[in-house]
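Have a look at the structure below, then the notes.
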Amino acid sequence: GREEASRIEGMAEEGQGDNGGDKKDNGENKEVETKQPSSQNEEEKAQPVVVATPVVNAVPQQAPNNAGGGWGSSMLDCWDEIETCWWSCWCSCLVFSRTYDSFGITPTRKTLGTFIVLFGVWFIMTILFPGTFILGLIVVLPTLAYMRARLRGQLRESLAIPGDFSEDCFAHCCCCPCVIAQEARQAKILNRPYRDYGTGDDLTNVELMPADPDRASISAHFSRTSKCSRILIGIFLLIVLLSAIVWRADTILIFFLALIPPTVIMYFLYWRWHRNIVPLDTVLKLFFAGGSIAILSSIVIESLLSALSLLIFSGQELQQKSNPKTAPDFIRHNFAKVILWDFFTAFVVAASTEEYCKHMVLRACWLPHVLNTPRAKTIALVVGALGFATCENFSYVFGSGNVLSGISGLESQLLVLCMRSLFPIHAVCAGLQAYGVIKRDFERDESTKLTHILLPAILLHGFFDFTQFVAMETGIAYGNSNNYTTIVVVSVVVAVLISICGTVAMFWLLSMQSRRLAGGWQQVQDEEVLEAELGENEEGDQNLHELEDITVAS
């Protein structure tokens, strides 16, 4: 930064000497003087020169492309910036298209459209010709790596970063999400404008709320939503329509009935009293993020953790446990081992994974509207959890089959949906997470870490799942025509009691917290959050100051 300032100062002195002007210095700041171009060619080369020590001019909203050196971070510095790391891992095409749009290299619709076309053709070919699954991947993945490596080369040239095509291609083949996250961090370091996912719209200076949000109608709020939110709603409606066409017409009824519980909760939590603190656009995006990226990440992580069952059961035992004919005898003879696995599944595989993925909806989503109040944080966490729960309910409803003999498929689905709607365990756990987040960010409790935020939600969620797993195993092993109904009723009553106790505990904690915050609160500043992420040692402070110098120089 100092070398760059010296170079600019020298350029300013040369420009003033050619122009015959005298430089004035009052001992604090130095005036800005530029060389007047004498021709059209010189006018294109002339640039305004600012020389000020200390810097008193406002930093421009859009920094120049040239970083004047190498990458601002390495490919392995993923956890330095959570948002780009998380989204690059689970949906890299959105991050990639946003980054190159922010640098002005290629628009979002072109890069994202190319990705959709390639994988769309591969998906259709796989359905029509199942044997082409591997062959399609062999064609699609190298094509994407080649396209992204060429664009990375254009980015390097614009930033004067050394390298060649072979390095770019090798990097994308080895760890594509790491490379995409590095490029996204570079855009943030250089203060490039943030683009909205999927559309490339610049929302930094866009007003997402109507003039009087408390009195504005739903249509007025919806008119302020971004193009991305409207596209997400359109995709959902398209999925509903295709499901009705391909499957059954009554599928539409199931979809909209499943939306009633989250709609009611969001009405009382957000719309009725607090629609003036969070834009509807933010609520919609968090809801769909919880129902898409959070679900996807939890499925992958839970599948990997489920492989640990081989530490408890052998391959033959797993086959016996999953076979409906041999499962009752196997569970009766290995009941203790089965309960141990259920405990691990409930608290580690399911509860820990799902609560962490739901928390990342708040932590890893960049939002143009800052969530700077305790209520806004609570709304964001609960809305993301409702999106997660809604998508999970869809999977249970459409994948349950006939839960009781003598009823139709639609009646069976409606029964499962009603049972799932009685237990808003995801929303309650999100409220418990909100208590910890508010304690850390607004009560300024430095001892509150991520573990403390997630632990109450994990315990409640895990205990709820564990009781249901035990009831299911008991019904399989010991259930018969005489006691099966009793087992089901007991499991439902236990689930209701756990849900009520968790809800009461959540409201009690949040009400006590509201009383503590009644005297006033101060949000943790962004700089303090960054210092906490970098560490409270000298190395972290040095990295923070270097990052500030790079931003100011840009």
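The values are calculated or read from the model by the stated rules, or taken from the named source; none is laboratory data. Because the structure is a prediction, the values reported are computed rather than measured. Positions of Cβ are backbone-derived with ideal geometry, glycine not excepted, and every protein chain shown enters the neighbour counts. For accessibility, only protein heavy atoms count, side chains too; no ligands or nucleic acids. Shrake-Rupley method; radii C 1.70, N 1.55, O 1.52, S 1.80 Å.
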With region 433-491 reduced to its Cα atoms and the Debye formula applied, log10 I(q)/I(0) at q = 0.25 1/Å amounts to -0.91
Given 25 °C, 0.890 mPa s and a Kirkwood radius over Cα pairs, the Stokes-Einstein diffusion coefficient of region 109-162 in µm²/s is 196
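Of the listed pairs Lys188/Lys439; Lys337/Lys449; Lys358/Lys449; Lys285/Lys377; Lys110/Lys227; Lys188/Lys285, which have alpha-carbon separations greater than 26 Å here? Don't jump to the answer; show the numbers that get you there.
On the way: Lys188/Lys439 28 Å; Lys337/Lys449 34 Å; Lys358/Lys449 16 Å; Lys285/Lys377 14 Å; Lys110/Lys227 16 Å; Lys188/Lys285 21 Å.
Distance filter (> 26 Å) returns Lys188/Lys439; Lys337/Lys449.
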Diffusion coefficient in µm²/s returned for region 145-299 by Stokes-Einstein, Kirkwood Rh over C-alpha pairs, 25 °C and 0.890 mPa s, is 128
Heavy-atom accessible area of region 347-391 with neighbours in place, 1.4 angstrom probe: carbon+sulfur share in percent works out to 58
Per 5 angstrom bin, beginning at 0 and ending with the bin that holds the maximum distance, the Cα pairs of region 145-191 fall in percents of 5, 23, 33, 27, 10, 2
In this structure, the FRET efficiency calculated for Trp521 and Trp366 from their beta-carbon separation, with R0 = 25 Å, to the nearest 0.05, is 0.60
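Normalised by the residues of region 300-389, what does the relative contact order come to in percent, with Cα pairs under 8 Å and at least six apart? Could the numbers behind the result be given before it?
Values: 30 pairs, mean separation 24.0, N = 90.
Relative CO of region 300-389 lands at 27 percent.
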Phi-derived 3J(HN,Hα) across region 507-520 with the Karplus relation (6.51, -1.76, 1.60, θ = phi - 60°), rounded Hz, x for Gly and Pro, is 5, 5, 4, 5, 5, 5, 5, 4, 5, 5, 8, 5, x, x
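Residue separation times 0.36 nm, minus the C-alpha to C-alpha distance between Ala505 and Leu242: what's the value?
Values: separation 263, 0.36 × 263 = 94.68 nm, distance 4.17 nm.
Extending this stretch completely gives an extra 90.5 nm.
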Out of Ala350, Phe394, Gln413 - ranked by how far each Cα lies towards the positive end of the dipole of region 335-427, with unit charges on the beta-carbon of charged residues - the top one is Ala350
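How high is the relative contact order of region 338-450, in percent, with contacts defined as C-alpha pairs under 8 Å that are six or more residues apart? Present the calculation step by step, with values, prior to reporting the outcome.
On the way: 67 pairs, mean separation 31.8, N = 113.
The normalised contact order for region 338-450 reaches 28 percent.
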Quick calc: nm separation of the 7 Å Cα→Cβ label points for Trp79 and Asn276 -> 4.2
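Run the numbers for Asp202 and Ala220: contour at 0.36 nm per residue of separation, minus the present Cα-Cα distance, in nm.
Details: separation 18, 0.36 × 18 = 6.48 nm, distance 2.08 nm.
Full-extension gain reported as 4.4 nm.
Mean 1/r over all different Cα pairs, inverted: what Kirkwood radius does region 87-234 give, in Å? Before the final figure, lay out each step's value.
On the way: mean 1/r = 0.0580 Å⁻¹.
Mean inverse Cα-Cα distance, inverted, gives 17.2 Å.
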Here the FRET efficiency for His452 versus Val117, based on Cβ atoms and R0 = 45 Å and rounded to 0.05, is 0.50
In vacuo Debye sum over C-alpha of region 346-395, base-10 log of normalised intensity I(q)/I(0) at q = 0.13, 0.16, 0.28 Å⁻¹, listed in q order, is -0.35, -0.51, -1.10
Taking 0.36 nm per residue of separation between Phe165 and Ser395 and subtracting their Cα-Cα distance, the length gained on full extension comes to 78.4 nm
Treating only Lys and Arg (+1) and Asp and Glu (-1) as charged, each at its beta carbon, one finds that region 169-323 has a dipole about its Cα centre, in Debye to the nearest 20, of 140
Note: region 367-466, point scatterers on Cα, Debye, no solvent; log10 I/I(0) at q = 0.10, 0.11 Å⁻¹ equals -0.39, -0.45
Regression test value, accessible area per residue of region 333-452, probe 1.4 Å, units Å², expected 40
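For region 164-264, what does the relative contact order come out to in percent, with C-alpha contacts under 8 Å and a separation of six or more?
Computed over region 164-264, the figure is 13 percent.
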Taking every C-alpha to C-alpha distance in region 215-360 and binning by 10 Å from 0, the per-bin percentages run 9, 25, 26, 22, 13, 5, 0
